[in-house]
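Below you'll find the structure, written out as structure tokens, and then a few comments.
What follows draws every value from the coordinates through simple rules; no lab data is involved. This structure is a prediction, so every number in the text was calculated from the model and none was measured. Virtual Cβ from ideal backbone geometry, glycine too; neighbours counted across all protein chains shown.
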Amino acid sequence: MFSRAFVSSALTSRSDTVLDPDAEVCLHVLRLVQSVVLEPEVFSRSASEFRSSLPLQRILAMAKSRNPHLQTVAQELLEDLRALERDV
């Protein structure tokens, strides 16, 4: 499994433009984060640390991206994070 530092670094180091050749990397990282968030036994062990290490501003920016795939996955991740907040 990737470390929180890797995930955070990968998300924050990418540009949010459609022409960015690394948009696909951002997409994969978002999916990775989403898979961790949706895995209760993994996420519950370090939920607060994980949440605090996420670059939420960057995820919010990607949710407004002109890249429809990036936008969709970022919005889904934000919805998943909100649902977890309600469950806590």
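Tabulated results
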read-out	value
Modelled FRET efficiency - R0 41 Å, Ala83 with Asp22, Cβ distances, 0.05 increments	0.90
Segment Gln71-Arg51, length gained on full extension (0.36 nm per residue, minus Cα span)	5.2 nm
Karplus-derived 3J(HN,Hα), 6.51/-1.76/1.60, for each residue of region 64-79, Hz, glycine and proline x	10, 4, 7, 7, x, 5, 4, 4, 4, 5, 5, 5, 5, 4, 4, 5
